[in-house]
Structure formats: structure tokens, C-alpha cells
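Contents: one structure, followed by commentary.
The values are calculated or read from the model by the stated rules, or taken from the named source; none is laboratory data. Just so we're clear, the structure is a prediction, and the values are computed from it rather than from any experiment. FYI the Cβ positions are ideal-geometry reconstructions off the backbone, even for glycines, and counts take in every protein chain you see. Each accessible area value is taken on the protein alone, full model and side chains, heavy atoms only, with ligands, DNA and RNA left out. Shrake-Rupley method; radii C 1.70, N 1.55, O 1.52, S 1.80 Å.
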Amino acid sequence: VHVQPHILDSVLRDPTEPMTYIPNDLIQNASVSLGALGLLGELLTTDGEWDIDDARAAERERRASGVPAEDLDDLLGELERAGYVTVTGG
């Protein structure tokens, strides 16, 4: 998964603290669910590169331990339709 360059350029990373500032217009996009926004927040902390296979494995582990499931593919689909990410491979 790759975060679109215009989205990465819109966030600010604090060079002295482990902090990422996300613009309100990304957060307040009514067409994107809260779950997808949470995933976007996680993606933005990774410099725009994210291994979907590792994330799917972690999601299977959460489901096996009884944590309520979230469908990563559905959330990524929302972010892709909104123009926030590009999903490759997988």
C-alpha cells in the first residue's frame, strides 16, 4: 500500500518528536469511515509505505484472539476510492 504523494505532502511530521499532524480536511471527509481514517492515520506514520501482508496476518491474529474483526480490504478500498492510497499486489 502506498499513500498518495499529495496526501503525504499535506501532513506535517515533527522532526524532534514522534508526532504527525493530519489536516482537518482529511479527517472530516464524510465519504471515509472512522475505521478507514484510523487506518490512514497508521499509514501516515509509516512514511507512506505499508506491507499489507503483514497487516492481514496481524488482523488474523486479532480475530483469533477474539478482538472484533475489521476488514482491512474494505478499509483500504475506502481509502483508495477517496484517492488517499494506491493498493498494489496482494
The chain: percent of C-alpha pairs farther apart than 14 Å?
65
Can you give the charge dipole size of the chain about its Cα centre, rounded to the nearest 20 debye, using +1 on the beta carbon of Lys and Arg and -1 on the beta carbon of Asp and Glu?
160
If Lys and Arg each add +1 and Asp and Glu each add -1, what is the summed charge of the other residues whose beta carbon sits under 14 Å from the beta carbon of GLU70?
-3
In Å², and per residue, what accessible area does the chain have when probed at 1.4 Å with the other protein chains present?
62
Give me a comma-separated list of calculated 3J(HN,Hα) values for the stretch 76-84, in order, Karplus coefficients 6.51, -1.76, 1.60 applied at θ = phi - 60°, integers in Hz, x for any Gly or Pro.
5, x, 4, 5, 5, 4, 7, x, 8
Can you work out ³J(HN,Hα) from phi for every residue in the stretch 21-29, in order, using Karplus 6.51 cos²θ - 1.76 cosθ + 1.60 and θ = phi - 60°, giving whole Hz and x for Gly and Pro?
9, 10, x, 4, 5, 6, 6, 8, 5
With a sphere of radius 15 Å drawn around the Cβ of ALA30, what net charge do the other residues whose Cβ falls strictly inside it have (Lys, Arg +1; Asp, Glu -1)?
-1
